[in-house]
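The values are calculated or read from the model by the stated rules, or taken from the named source; none is laboratory data. As the structure is a computational prediction, the values presented were derived from the model and not from experiment. With ideal geometry, Cβ positions are generated from the backbone for all residues, glycine too; neighbour counts draw on all protein chains shown. For the accessible areas, the whole protein counts, side chains as well, though only heavy atoms, and no ligand, DNA or RNA atoms are used. Shrake-Rupley method; radii C 1.70, N 1.55, O 1.52, S 1.80 Å.
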Number of protein chains: 2
Amino acid sequence: MRRPPPRRRYEPPLSTTRLPIPLSLKEKDITIVVDAMGGDFAPGVVVQGALEAVTESSGRVSVILVGRQKAIESELAKLAPGGAEAKIAGTLRVVDAGEVIEMNDAPNAALKTKKNSSIAVGLSLHREGKADAFVSAGNTGAVLSASTLMLGRIKGIGRPTIGALFPTARHTPCLLLDAGANVDCRARHLYEFALMGSAYVAAMFGTRHPSVGLLSIGEEDTKGNEVTLEAFKLLKEGPLHFVGNVEGRDILKGAVDVVVCDGFVGNILLKFGESIPSFLKAKFVRYASRGPREKLVALLARAGLRSVMQEMDYQEAGGVPLLGVNGVSIIGHGGSSARAIKNMIFLAEKTVLQNVNGKIQDSLHTSRQGRE
Amino acid sequence: MRRPPPRRRYEPPLSTTRLPIPLSLKEKDITIVVDAMGGDFAPGVVVQGALEAVTESSGRVSVILVGRQKAIESELAKLAPGGAEAKIAGTLRVVDAGEVIEMNDAPNAALKTKKNSSIAVGLSLHREGKADAFVSAGNTGAVLSASTLMLGRIKGIGRPTIGALFPTARHTPCLLLDAGANVDCRARHLYEFALMGSAYVAAMFGTRHPSVGLLSIGEEDTKGNEVTLEAFKLLKEGPLHFVGNVEGRDILKGAVDVVVCDGFVGNILLKFGESIPSFLKAKFVRYASRGPREKLVALLARAGLRSVMQEMDYQEAGGVPLLGVNGVSIIGHGGSSARAIKNMIFLAEKTVLQNVNGKIQDSLHTSRQGRE
């Protein structure tokens, strides 16, 4: 087992640093390394999002932007002239990484050939303890593979997982995992997802004893496919607040805090869910085209609809956590805006501060004790 | 192979018939046998829906209601006093079946112990050619099993399937199958679903060469789980208009006419989709509670939202077709209203008139020829 990266205390200035490191940098500050080349609109929106995050956090968070230095600094120059530059001095630094893993590169092949990619360099900084977390809106498969390889897995976890937050009719979201990291799963992987998801929700949202449901095609214990039927037994015997099988309708209803499924089902559901806002928009546009009365109603409805849709917007949530690795790695949507990048950075900060990994380890310990 | 039930030409009056069979009953009329005991609100709403169907069709469709005769006739008496009764004379008949398979009965066990159930009796009438189609909003598993057992499978079809229509941003819906009939599938089953779905869409919506997508977690040919990767090859070699892998977001987008997946994924998606309207409603209610301005916006938006939501409402579509059996069996939602029952009856009528099964057989023939 690889040791978890130590929490950052003191670090010598990075050789590639251009902006001065201020002496006032406190030990409790959190440093997030951000893949400046990740995402469809990189590096522009990433740099902007990082700048917004450090500005908004007033020095609480510092960011290391990793990627093609010239491109990043050209974006910084555009965004931070004069006073702004001074304001962020020391809280935003740049580390050069000459290669870029493109969105459509085959993850594992790219990681082998592009040793100096922004993803690899960024994760190295995190592993070496120079940063507390890594954030990327780049190639999901590459971030996932590289995080698992470079940070290592938490002892007792067979498969790290990506979670996705679904909005619900209640006040709290529903964490669904796996959302696409593990296509073909065994029962014990689903059990691990439940354990990690439960620890995450408890740590991040303060939910006590989060309820966990196993996604299936009927509430009865006997409903499911081969894998879920076996996972049902494991979950029933485990220490979690397992409520049994849940159905597709229970996610948006918010019937449980955590829903587990394999990454094939989870990824399809995630993308289906993400398509709801544009579907509704198309339908409203068509409705509005029926006549002047409908046009007026649609126009008036727009504000309400936009507000409701906001909750379904991945830009708001920022990214999804990769759970089960020895570190904090946040994976964002390829289409992330500056706002999404900013929110990902704050999500990373909270994940570090809430010690999610420590809580996953505690939960694994409890689970092992129960079996002994 | 069991022969498909002959199209109804002449039939002697059923012994249990109370209302007189009119002499004017034409050969081209369609008779639908309806499970009067099926659904959460049976027999009340079923009888009402059947009455509405025969009334609205002005004699084009006649219905045989199967179930507990007294209960059905008591509902008929409530609904059709005086003139209405005369109006429907002969187009609505009752056949007694003393037993009821409840919604929560185990399908196969119930079919064995309740030989005289409304589902079994109704399907017998269809098999014997006394009706052209069978419609039920009852226990889905029982209707599925009984239809497969009693009507038999179309030669060349390993697994009959249930399809579900999803609304899309385009004008035409997207047919997703399997929607829950077959939990664990092999590649060749997915291939069959594609074949049947394509024939259904062509016959029912007049779509020429319907496009078919394989539901997966990425558009690339190499993305998927073990089963879908194998199905991809079969579909690529087959005669259908196969466009490759599609993702969760492509369903509501209407990227393809037909989407195939196993019944585990399909059922979860179907139920997730069905939960969208009530989720949005809950969100709008919360939005409205923010203040008087929001309340007004929500109030005005209601008409538009209702109109948009209508397309997502299973009551509109009525039921889903069970494809691959030697007959026409339409399965409805347990919560079906009278309107849903009426729409199911019209769906059954259209399925018969469009000769969907004949088109599935043609498609199987083409597929076999391609492989020879």
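Report, to one decimal in Å, the Kirkwood hydrodynamic radius for region A:248-293 based on all distinct Cα pairs.
This gives a value of 12.9 Å.
Given springs between every Cα pair under 10 Å in a Gaussian network model of chain A, which of A:Thr351, A:Thr31, A:Thr168 has the largest fluctuation?
Comparing A:Thr351, A:Thr31, A:Thr168 in a Gaussian network model of chain A, the most mobile one is A:Thr168.
Using a simple charge model, +1 on the beta-carbon of Lys and Arg, -1 on the beta-carbon of Asp and Glu, nothing else, what dipole does the protein assembly as shown show about its Cα centre, in debye to the nearest 20?
760
So what are the radius of gyration and Dmax for the Cα set of region B:53-153, in Å?
Calculated on Cα positions, Rg and Dmax stand at 14.6, 44 Å.
For the protein assembly as shown, with the dipole built from +1 on Lys and Arg beta-carbon atoms and -1 on Asp and Glu ones, taken about the Cα centre, which of A:Ala50, A:Gly67, B:Phe272 lies farthest toward the positive end?
Farthest along the dipole direction, towards plus: A:Ala50.
In whole percent, what relative contact order does region A:136-203 give with Cα contacts below 8 Å and a gap of six or more residues?
Normalised by residue count, the contact order of region A:136-203 is 26 percent.
Specify whether the C-alpha gyration tensor of region B:116-231 places it in the rounded, prolate or oblate class, a ≥ b ≥ c being the square roots of the eigenvalues: rounded for a/c under 1.5, otherwise prolate if a/b is larger than b/c and oblate if not.
Prolate, since a/c reaches 1.5 and a/b exceeds b/c.
Please list, ordered by chain and number, the residues whose modelled amide H lies under 5 Å from the amide H of A:Ala181; skip anything fewer than 5 residues away on the same chain.
A:Ile162
At a probe radius of 1.4 Å, figure out the A/B buried accessible area, summed over both chains, and give it in Å² to the nearest 100.
Summing both sides, the interface buries roughly 4600 Å².
Let me have the relative contact order for region B:169-264, percent, based on Cα pairs under 8 Å that are six or more residues apart.
RCO, region B:169-264: 48 percent.
Kindly write out, for region B:54-71 in residue order, the coupling ³J(HN,Hα) from the Karplus curve 6.51 cos²θ - 1.76 cosθ + 1.60 (θ = phi - 60°), rounded to whole Hz, with x marking Gly and Pro.
Taking θ as phi minus 60°, the curve returns 5, 5, 5, 7, 6, x, 5, 10, 10, 10, 10, 8, 10, x, 5, 4, 4, 4 Hz for region B:54-71.
Please express the shape of region B:227-304 as an equivalent ellipsoid: the semi-axes are the square roots of 5 times the eigenvalues of the C-alpha gyration tensor, given largest first in whole angstrom.
Taking √(5λ) for each Cα gyration eigenvalue gives 41, 13, 8 Å.
Any idea how far the Cα center of region A:171-242 sits from the one of region B:262-280, in Å?
18
Quote the Stokes-Einstein diffusion coefficient, in whole µm² s⁻¹, for chain B, based on the Kirkwood radius over alpha carbon pairs, a temperature of 4 °C and a viscosity of 1.567 mPa s.
Taking Rh from Cα pairs, D becomes 60 µm²/s.
Taking the DSSP beta bridges in chain B as the whole, what percent of them are antiparallel, to the nearest 5?
Expressed as a percentage, antiparallel bridges in chain B total about 30.
In whole Hz, what ³J(HN,Hα) sequence does region A:206-218 give by Karplus (6.51, -1.76, 1.60; θ = phi - 60°), x for Gly and Pro?
x, 6, 8, 6, x, 7, 10, x, 9, 5, 8, 10, x
What would the Debye formula give as log10 I(q)/I(0) at q = 0.05 Å⁻¹ for the alpha-carbon point model of the protein assembly as shown, no solvent?
Listed by q, the Debye log ratios stand at -0.30.
Would you mind getting the accessible area per residue of chain A, heavy atoms of the protein chains only, 1.4 Å probe, in Å²?
Accessible area per residue: 42 Å².
Work out the FRET efficiency for A:His241 and A:Arg188 from their Cβ-Cβ distance, taking R0 = 22 Å, and round it to the nearest 0.05.
The pair A:His241/A:Arg188 has a calculated efficiency of 0.70.
Limiting things to C-alpha atoms, what are the Rg and the maximum Cα-Cα separation (Dmax) for region A:117-156, in angstroms?
Rg and Dmax of region A:117-156, Cα atoms, are 9.8, 30 Å.
Over 5 Å intervals from 0, what percent of Cα-Cα pairs in region A:258-342 sits in each interval?
Percent of Cα pairs in each bin: 3, 12, 16, 19, 17, 12, 9, 6, 4, 2, 1, 0.
Ordered by residue, what ³J(HN,Hα) values in Hz, to whole numbers, does region B:42-50 give under the Karplus form 6.51 cos²θ - 1.76 cosθ + 1.60, where θ = phi - 60° and Gly and Pro are x?
Karplus values, whole Hz, x for Gly and Pro: 7, x, x, 5, 5, 4, 4, x, 5.
What nm distance separates the two modelled labels at A:Arg208 and B:Arg208, each placed 7 Å from Cα along Cα→Cβ?
In this crude label model, A:Arg208 to B:Arg208 measures out at 6.7 nm.
Give the long-range amide H neighbours of A:Gly335: residues separated by 5 or more places, or on another chain, with amide H under 5 Å away, using H modelled in the peptide plane at 1.01 Å from N.
A:Asp40
How crowded by other chains is B:281-290, given as the mean number of beta carbons from other chains within 10 Å of each beta carbon?
Taking the mean over all residues of the peptide, I get 4.
Under 11 Å from a point 7 Å along the Cα-to-Cβ line of B:Glu56: which residues of region B:319-355 have their amide N that close?
Once the point is set 7 Å along Cα→Cβ of B:Glu56, B:338-347 turn out to lie under 11 Å by backbone N, inside region B:319-355.
Go ahead and run the numbers for FRET between A:Asn108 and B:Lys115, Cβ-Cβ distance against an R0 of 60 Å, rounding to 0.05.
It comes out at approximately 0.55.
Could you compute the FRET efficiency for B:His171 and B:Arg368, with r as their C-beta to C-beta distance and R0 at 41 Å, rounded to 0.05?
Given R0 = 41 Å and the Cβ-Cβ separation, E is 0.75.
Can you tell me the relative contact order of chain A? Whole percent, Cα pairs under 8 Å, sequence separation 6 or more.
21 percent.
Provide a whole-number value for the mean count of partner chain Cβ atoms within 10 Å of the Cβ atoms in peptide A:260-267.
Counting other chains' Cβ atoms within 10 Å and averaging over A:260-267 gives 5.
Name the long-range amide H neighbours of B:Ile101: under 5 Å, sequence gap of 5 or more, or other chain; modelled H, no Pro or chain starts.
Amide H neighbours of B:Ile101, under 5 Å, 5+ apart: B:Ser118, B:Ile119.
Share of antiparallel DSSP beta bridges in the protein assembly as shown, in percent to the nearest 5?
30
Taking only DSSP H segments of four or more residues, each worth -39500 (n - 2.57), what value at 222 nm results for chain A once the sum is divided by all its residues, to the nearest 500 deg cm²/dmol?
Taking each H run of at least 4 residues, the total per residue is -14500 deg cm²/dmol.
Beyond 27 Å, what share of the Cα-Cα pairs of region A:189-338 remains, rounded to the nearest whole percent?
Summing the P(r) tail past 27 Å for region A:189-338 gives 37 percent.
Roughly speaking, to the nearest percent, how much of region B:205-278's 1.4 Å accessible area is carbon and sulfur?
Using a 1.4 Å probe with all protein chains present, region B:205-278 comes out at 49 percent carbon and sulfur.
Which value, in nm² and rounded to one decimal, describes the direction-averaged projected area of the C-alpha convex hull of region B:160-222?
Dividing the Cα hull surface by four gives the mean projection, 5.1 nm².
As a test of reading the structure, rank A:Arg188, B:Arg249, A:Arg127 by solvent-accessible area (1.4 Å probe, protein chains only), most first.
A:Arg188, A:Arg127, B:Arg249
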